[in-house]
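Engineer: Have a look at this one before I ask anything.
Every number here is computed from the coordinates shown, using simple stated rules; none is lab data. Just so it is clear, the structure is predicted and the values come from calculations on it, not from any experiment. Note that we place each Cβ from the backbone using ideal geometry, even for glycine, and neighbour counts take in every protein chain shown.
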Amino acid sequence: MNYKKIIIAILLFPSLIFAHVRIGLALGGGSARGLAHIGVLKALEENHIPIDVVGGTSMGAIVGALWASGYSATEIESIFVNTSVQDWFLNIPIIKNRPIYYDMNSYPTLVNLEIKNGKFQLPQSIVDDRVLNFEVFRFFSEADLAIKGDFRNLWKPYLCTASDINSNKSVIFTHGKLEDAVRASMPIPVVFKPVKLGDTILFDGGLYDNIPTEAIKDSFNADYIISVDVSSDKKNLESNNINLLNIGFSLVDLLTKSINPDSLKGYGCYIRPEVGKFKGSEFDKVKTLIQLGYDAAMKAMPELKREISRREYYGSERKKKIKNFTYFDSCNVNSLRMNVKNKFQFVIMDNVLKLNSGKRFSFEKLQNGVFKLYSMDMFGRISTYVTMNDSDELNIKIDAQTQESRKLGIGGFYDSNGGVNLIGKFQNSNFFDRGGQFNVYGFIGNYLKGTSVDLIFPTLFYTKYISSLSINYLIYKFNNIWSNYYFYSTFYNMNLLSGYNINNNSMISFVLGNKYLGFLNTNFFKYYAGFYYIFNSMNRFEFNDGGCRINAYIGFNLPDKNGIPYQIKSVKIEDTYGKMIFNYLKSFKISETLNTRIVSNVGIISHLYPGQVLDSNVIADYSYVLPSHSYKFMYDRSFTAKYSGTIGIAIRYYLNKILYLQNKNCVSLLSNSFSSFVPSYIYSTDLNFGFKNLFGEFQAGIEYLYVTNNPNGNHKFSFYISIGNNLESIDVINEF
C-alpha cells in the first residue's frame, strides 16, 4: 500500500471539500443606499472572491439582477453614474420628449386631480413608474428571452423577494419573467404603485425579508453567504429637507423588518457599509455610496480570503456565457404588432416608433418613441414584448392601454407687486381617442381676471403637424411706476395656428388671428398674420443645466384705433404695418454650483404705409420688453415703441440642486413713436434668493429700477416676494 498517497489525500481532503463550497451573495434593500452594493461587487471582483448564486431585495434586487445577467460591476457603476435615477421618478425623460406645442398658451398648476365617473381620483402613488418600467425592460429583456423563465440559467443563478401583504408573507422568485420579478421587489408603499402578478398584489420585498440570506440558503443550498446590509438607521426624517418623496422613501425604512446582524453572521460574512445616515431618496450621492460599499467590502476582505480559498477570475463578455443570449441592437426587426384601440392610434404609434420590418432594432429609438407617446397623454401604459425567429430577427409586440384623461388643476401665485392670483384649470386629454387636448383656464386675483380656452390637435397628419385654436379674455391691473395710480387693461385675442413640429424642442407655424386691447378709454383692435418660430431646450425644473430658448415672430398687422371685436369701424389697408420680435435666452452651466444666463430681446415695428391709426408715424402695438421683475406688473410699458432692444445677464449660484442665489442685470432701449409718454431707457438690477419644487417657484429679492422719460429720469427701489407658478408664457405671439 502506498501510505504516502493516502496521507496526502487525507491532508488535501478538507481543502478539496471547501473548494466546492457554494458561495452566495445576499444584497439587502435600502433604496438609494443600495447603490453601495455596486462598490461591494467591485471589491469582490478585484479580489477574485467567487460568487456562485446571488439574491436581492428592492434596490438589491435590481443591482443583483444586473450582475447575475452578465453586467460587470464597472458597467453597473457606469449605468448609475451616467444616469440620474431621480429623473426616472420625476418623469423627466418623458417631459423632455414632450412636443413643445403643449406648452404654448398653457399655464402651470400646482395640484392636479383626475376625474373618473364624475368623481375625483386620488393618485395611487407619489411617483409615476412608467420611466422605471421601461428602464427595467431595457436592462433585462435580452436575458429574459434567453433564460426561458428560469433564473438559474442566468450567468449567476438569481432570486429576489417581494411582499404579499394580503397573506403577510415573503414571496421568493426563482422563475418567471425577470423584469416582472425585479419590479415586484421594488414597489415602495406610497412612492410606487404595487405590482400585480396574476391575482397577487406585491409590494417592496423589504417589508418581510430585507436581506434574502435564508432564501438563498433554502433555494440554492448555499454553504457560505455574504450578506450586505444597507438598511437605514431610521433617523432620516431628522432633516431640514423634508418633502413627499423623502417621506415616502423613509416610510419603507420604518416598515422594513429589522434584522439581527448576529443571525446573518451565522451564515457566513456580514458586511455593513456606513450608509445608514443617507436618505432612501439620495440617488444623487451615487459615487459616495458606491465608495462606502467598496470600503466596507475591503474591510471584510481579510475574513473573506481566510474563509474562502477558491478564487474566480471574472472576464468580459459575461452575457455571452448565458445560453442563447443575443444583443437586440444587433438584430433586425422582422415584425411589429401593435394592439391599440383604433386605426388612427395605430398610424400614430407606427409613425413615432419607426420600427420598420427589415430595419435594425434600437433600444434608444424604442425608448424615445415610447416616451414621446407617453408625453402626448394618449396612452396610460405601454408594454413591450420581444420574441426571436429562427433567423435571429425580432418579433415585437406592443400593448398600449388607451387613456382619456380628465383633470382639474388648481394653482396660483403671490407677488408683492401683483398680489394674490389663483388659477383653475380643466384639461381633457386624448378626447375622441385622437390625441386632441382641450384646456379651459379661469383666473381671479389682484392682478389678473379672465378665462382662456385652448384646443390642440397635435397628432393631425401624424404627429409632425399641429393645429390649434386659442381664445383668451383677460383683464390686467397695471400700476403706475411712480405713484399709487393704477388702471385696468382688457385684453382679448383669438389665434388659429397651423404648425410643423421640427422636433421635440422646436416648431415653426403660421399664425392668423385678431386681438383687442382696451385701456384709458381707448380701444385698439387689429387683425394679424405671420410666421412664428420657437425653440426651447431649457431645463423645465430650473436645475443647474445648460439650454437655450428662442422665440421669433414676423408678420403683418392691420390695426383699427376705435374698433372692438364686435364692432369694426375703420380698418384700412393703408394702415398695415410689419412687426418683428426676437427673444433669445441662453443658459450656461459653468460648474456644479454656478450658472450664467444671458437674454436679448429685439422688437421692430416698421411702416408699410405712411398713414397710421394714431398721430403721424405712431404705431399702436407692443414690442417685447420685460426688463425686470416688477416692470411686468407696471403701467409704463413699451406701448407705441417703434424699436426696442434689451440685453441682460443673470448669474445664479446653486446652494444645492434646487436652491439658488441670483443677480440679474438688464438694460432696455426704446425708440418711441411719439412724445415722452413711454420710457426711452430702462435699467434694472436685482439680487434674489429662490428655489423651485413641487409647489412652484419661490423668489424673494430686492430690485433697483431706473427709467428715463426724456429728459427726466426716475429711480425706484423695491422688495418683492413671489410664490407659486408665475404666468410667464414661453411664447411671444400674445404680445399685443
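Engineer: For a quick check: sort Asp329, Asp199 by the number of other beta carbons within 10 angstrom, fewest at the front.
Structural biologist: With the sparsest Cβ surroundings first, the list reads Asp199, Asp329.
Engineer: Continuing with this model, one more query. So how much slack lies between Val667 and Ile651, counting 0.36 nm per residue of separation and subtracting their Cα-Cα distance, in nm?
Structural biologist: Between Val667 and Ile651, full extension yields 4.2 nm more.
Engineer: What ranking of Leu659, Leu366 emerges when the number of other C-beta atoms within 10 Å of each C-beta is taken as an exposure proxy, fewest first?
Structural biologist: Leu659, Leu366
Engineer: Pop the C-beta distance of Asp390 and Phe344 into the FRET formula with R0 = 51 Å and round what comes out to the nearest 0.05.
Structural biologist: 0.90
Engineer: Ranked by Cβ crowding within 10 angstrom, fewest neighbours first, how are Trp67, Trp88 ordered?
Structural biologist: Taking fewest neighbouring Cβ atoms as first place, the list is Trp88, Trp67.
Engineer: Assuming R0 = 30 Å, can you tell me the calculated FRET efficiency for the pair Glu364 and Arg434, based on Cβ-Cβ distance, to the nearest 0.05?
Structural biologist: With R0 = 30 Å, the Cβ-Cβ based efficiency is 0.60.
Engineer: Another one. In this model, which of Lys96/Lys279; Lys664/Lys716; Lys148/Lys320 are farther than 22 Å apart at the alpha-carbon?
Structural biologist: Checking Cα-Cα distances, Lys96/Lys279 exceed 22 Å.
Engineer: Net charge around Pro273, counting only other residues with Cβ within less than 9 Å of its Cβ (Lys, Arg = +1; Asp, Glu = -1)?
Structural biologist: -1
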